[in-house]
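Throughout, read-outs are computed from the coordinates displayed, never taken from laboratory work. Remember, predicted model here, so these are calculated numbers, not experimental data. Positions of Cβ are backbone-derived with ideal geometry, glycine not excepted, and every protein chain shown enters the neighbour counts.
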Amino acid sequence: MKAMCQKRALEDSDGTADQLSKNKQKKKSRNPNKNFCVEQKPKYVKCEQCGNPKGNKCVFNLCRACCKKKAYKEVADCPSHGLRFKTKAEKQKAEENGKVNGEERKEETREETKEETKEETKEETREETREETKEETKEETKEETKEETREETREETKEETKEETKEETKEETKEETKEEMKEETKEETREETKEEKKNGSPTEREISSSPQPPTKLQVQPL
């Protein structure tokens, strides 16, 4: 027959319970100030709703589970259990307000940027118009100067042509007069020669007018 093992009695034969178990002795060797008396252990206050030990510093005097439910319903905080429903809600509201403010700021910045862009575009258009007007004025002045120079050159050429034509006409008239004089002199000389031929020369006239000596008769021999 095998011997049945029996548990060690908590109390000795004398009825004393001063001797501790091996695990408790080990714990006491580690921490000699530790007290294993059940009567001296602290007794926790029970929760009002479920009977679990309540939090010592709980706002609602409840355990963690019941406190969480109540704080969620009432949107309240319990720092002892680390529940911050109220602060989170306030943060969300602040973020929403911040978003709204951020959107308003964004709109303001957009309007400012639009105004700046409008002013920049206005300035650019003004500069462009100024440059265009400058270029136009330059072109107009160039054209005016060109026209003035053309007119001056035309007048100069006209005057030069007039002077040249005057000189040419003078020279032509001189040549014509010379030629006419030459022709007249030639014609006069021709007429004189013709008249002389017709009437004879003055020496011939004198000879013809003077008496001629009598001519001797020549007798021919028979």
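What list do you get for Phe85, Phe60 if you sort them by fewest beta carbons within 10 Å? Don't skip to the answer; put the middle values down first.
On the way: Phe85 16, Phe60 20.
Ordered from fewest to most neighbouring Cβ atoms within 10 Å, Phe85, Phe60 come out as Phe85, Phe60.
With the cut-off at 15 Å, report for segment 42-81 the share of all Cα pairs above it, as a whole percent.
Details: 236 of 780 pairs.
Summing the P(r) tail past 15 Å for segment 42-81 gives 30 percent.
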Dipole axis of segment 85-165 (+1 Lys, Arg; -1 Asp, Glu on Cβ), positive-most option in Thr161, Thr113, Gln92: Gln92
Volume per residue that the Cα convex hull of segment 36-167 spans, once the total is divided by residue count, Å³: 153 Å³
Reach of Lys174 by Cα under 19 Å, taken over lysines that are not fewer than 8 positions away in the same chain: Lys162, Lys166, Lys182, Lys186
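Here is the link list: Lys27/Lys68; Lys118/Lys142; Lys41/Lys86; Lys73/Lys93. Which ones come out longer than 26 Å on Cα distance?
Numbers: Lys27/Lys68 36 Å; Lys118/Lys142 35 Å; Lys41/Lys86 37 Å; Lys73/Lys93 18 Å.
Among Lys27/Lys68; Lys118/Lys142; Lys41/Lys86; Lys73/Lys93, the Cα-Cα distance tops 26 Å for Lys27/Lys68; Lys118/Lys142; Lys41/Lys86.
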